[in-house]
Every structure is written in C-alpha cells, then in structure tokens.
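First comes the structure, then the notes that go with it.
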Amino acid sequence: MSTLIPWPQTNPPIGFSNYTFKLSRKTIILRSPFDGTRQALVAPYALWALTGKFSRQVLNSSGSLRSFLSQLDGQANKFKLPLFDAVKPLSGYNGNTGFVNGASQTGFSLVTDGWSINTLILSDGDYFVVNDETKIVNGYVVSDGSGNATINFKPALRKSPADNLQLFIGNQVNLLSYSNVFSDASWFKQNCTVAASVVTDPDGGTNAEKVIRTATGNFYISKQVTKPTIYGANYTFSIWLRLGTVTGNITLSIIDFAGNNVSSVSITPNTTWTRYSVTGSLPVGAPLPMQVEINPQNMAGSAGDYFIIYEAQHEQGNAPTAYKNQTTGDGQPYCIMSSNSDDAASWDLSPPIQYDVQLDAIESVE
C-alpha cells in the first residue's frame, strides 16, 4: 500500500496558477459501414486526471512544496488534492452533512440521511466525496421531511461504502473541532478543569460545560485552529457564555502561535446566556497556527470558581453565523491522486529563482 502524503500547509495556501482537472473515460464505438449508425460501449475505467502549474513560490512556501514533491517518491505514493472550486456547494447549502443510509449500495445513486430537512442540498454539477471517491452530482438533490435524500452522480461507485459513512460536500463553517466538548484534550486548560453543567443551555438541553478554576491565579482555556489560515483575512471567534461564580470581566482573544494578541474584546458576562464574539485578521508572517482563548481577568479568585460556556465557533468572516458543529464531512471535497511521472514534477530555476513548478497526476485507485 502507498503512503498518503498531506497537501502542503502554507500561508497563503499553495494552489495552481492554471490547471486542468478532468474525468478520463474509455469508450468503444462501433459504427456500421452500411448506414452509419453506431453503438457505444462505456468501459468502467473512469479516473480523474490533473495537469497543473503551481502558483509561483518563494522562500518558505517553495521549501514546503519541494518537501511535498520529494515525499511522493515519484509515482509510488499518493496525495489528497483539494478541489479548489468546491469550497462550498453550488447550492449554498450550509446545514447538516449527510451519511450513507444502508450498506451494499452500488452504481450511480446513493441513498443518504442526516441532512437538514426539506432543503436543497446539492445542485447539478456539485462535487461530493464518499469512500475516497470523487463524484459529480447529476440533477438537484432535495432532502425530505426526515432529512433523507437520494443522490444521482457520475462516475459509478467502485466499491460499496459502509453504512453511516459521512460524505464530504465542502460545507465547512466552523474551523474548530470538538467545538462543544471543551473537556477534550485538544482544548488547552491553564489552571482549570472542565466539567459538565446542569444548567440549561441556550437550546434547552444540558450540554453546556463549566470551566472551573483549580487554584488562585490566572486561568484560561484555549485552542489551536488546525485548519489553514489566510493572512489578512478576517476571522470571527464566538461563544455562548454565562456567569457562574467568577467575578470580573472575561477576555475573548484571537492570538498567533507565539501568543501575540491579534484581536481581543473584554466582556462582562451575566446570569443569562449571551453569545459574544471577537473578529481579527492575522498579519503577514505571524506564527501559525492561529489560536482562540477565553481568559477571566480576576486572578484573585479561589479554587472552585467557574464560568459556563457553550458552542464555540471560529469562522472566516466579519460576524458570527449560525453555529455549526464541525463534523468529518465539513471538509473540502478532494481527490486521491498520484504523480504520472517518476520525476514527480519539474520546475524552472531560471534566474531570478521563483520555483515555477508543474505536476501531472492521475487518480490513485488501490
């Protein structure tokens, strides 16, 4: 089995100045020599092909690109190509991402469930990915009153996807994983712990969590944003917050990896649920990744002091949108590919050296 090499993570993201991405097919055509009528036989061969010239790279970005290409080991390994024109569905859908509904499905259609109800999900020509297979939607996909939908597409499934496998449709809004599970280890906790709250959350459930001080002094909770960040673009961090026994203001911050403040706001929480937010952009050259932080300013409190939080969200834009719990299928559609050449790529090093790199690749099927 070949190794899957991750797409290089740089800022700005590495993309192509021009490229073609096409579905390569094999057909056999028989034409009558008597009346000109023809018959077509469509072979099951259907592979995505890429020919592209990377955007001009300099300095650190060029190093990341060289490293990526060298790790391909010619045609041996494979990579996950982001489909750059499929960040979001053409339909504009931003609801729940659906799942395969039933095992042993094959062919050119897929029964799914788990979508937002009675909604246009995917438009004619939208991409989606299932079982690491890249598909194009044929027709329009609308969910019913139970969130079920059947998707018609090309090319056909190569293998049957497992029941309850989630699709990728380019529906990412929230850039934070475990965005409502603050007890998860991916949330860094300074001088505090997180416990379930019995207080009713803003949605009427009991899914809010307490951030509890463990000793006198500063305490805060923070998280790294692992998704790619674009320098200069505005991002908004938002969270529902309710007063517990902590007194004084609480600061919401967006910071870089070195701890430098990008943007912050001081809030005064109260006993009713309020959604607060802060917006900022990362300056060019700031250390990655971006981080978000919730930091009470009262350092003189006692162990056991707490505040209550619910539904964190970090998204690109100038204001918070409706909360969306990040799931597997929120990511950008992709295609699993490998190089068409043992040379992996070629680049022009004519002075001034700016690394104009080309790559030819074909979908990797194992």
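The values are calculated or read from the model by the stated rules, or taken from the named source; none is laboratory data. Please read all numbers here as calculations on a predicted model, not as lab measurements. Methodologically, a virtual Cβ is constructed for each residue, glycine included, from the backbone with ideal geometry; neighbour enumeration extends over all protein chains shown.
Restricting the first member to the stretch 182-201 and to residues that are without any contact (Cβ under 8 Å) to a residue 12 or more places away in the chain, and the second to residues that are outside any loop (DSSP other than H, G, I, E, B) and of a type in the set (A, V, I, L, M, F, W, C), the beta-carbon pairs closer than 9 Å and six or more apart or on different chains are Asp184/Val194. Scanning the stretch 213-230 for residues that are of a type in the set (A, V, I, L, M, F, W, C), more than 30 Å from Gly15 (Cα to Cα) and buried (at least 19 other Cβ atoms within 10 Å of the Cβ) returns Phe219, Ile221.
Residue by residue, here is whether (1) out of contact with any Leu (no Cβ under 7 Å at 6 or more places or on another chain); (2) closer than 23 Å to Pro289 by Cβ; (3) among the basic types (Lys, Arg); (4) at pLDDT below 95 holds:
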{"site": "Thr226", "(1), (2), (3), (4)": "yes, yes, no, yes"}
{"site": "Tyr231", "(1), (2), (3), (4)": "no, yes, no, yes"}
{"site": "Arg242", "(1), (2), (3), (4)": "yes, no, yes, no"}
{"site": "Gly259", "(1), (2), (3), (4)": "yes, yes, no, yes"}
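Per this entry, Val265 is not counted among residues that are part of a loop (DSSP other than H, G, I, E, B), farther than 20 Å from Val173 by Cβ and not small (Gly, Ala, Ser). Going through (1) modelled with pLDDT of 90 or more; (2) surrounded by 20 or more Cβ atoms within 10 Å (Cβ to Cβ); (3) over 30 Å from Gly204 (Cβ atoms) one by one, Gln297 falls short only on (2). Residue check: Ala195 meets all listed conditions (1) more than 22 Å from the chain's Cα centre (by Cα); (2) farther than 18 Å from Gly304 by Cα but one, namely (2).
Just one of the listed residues (Leu110, Leu81) is at pLDDT below 95, out of contact with any helix residue (DSSP H, G or I) (no Cβ under 6 Å at 6 or more places or on another chain), crowded, with 17+ Cβ neighbours inside 10 Å and hydrophobic (A, V, I, L, M, F, W, C), namely Leu81.
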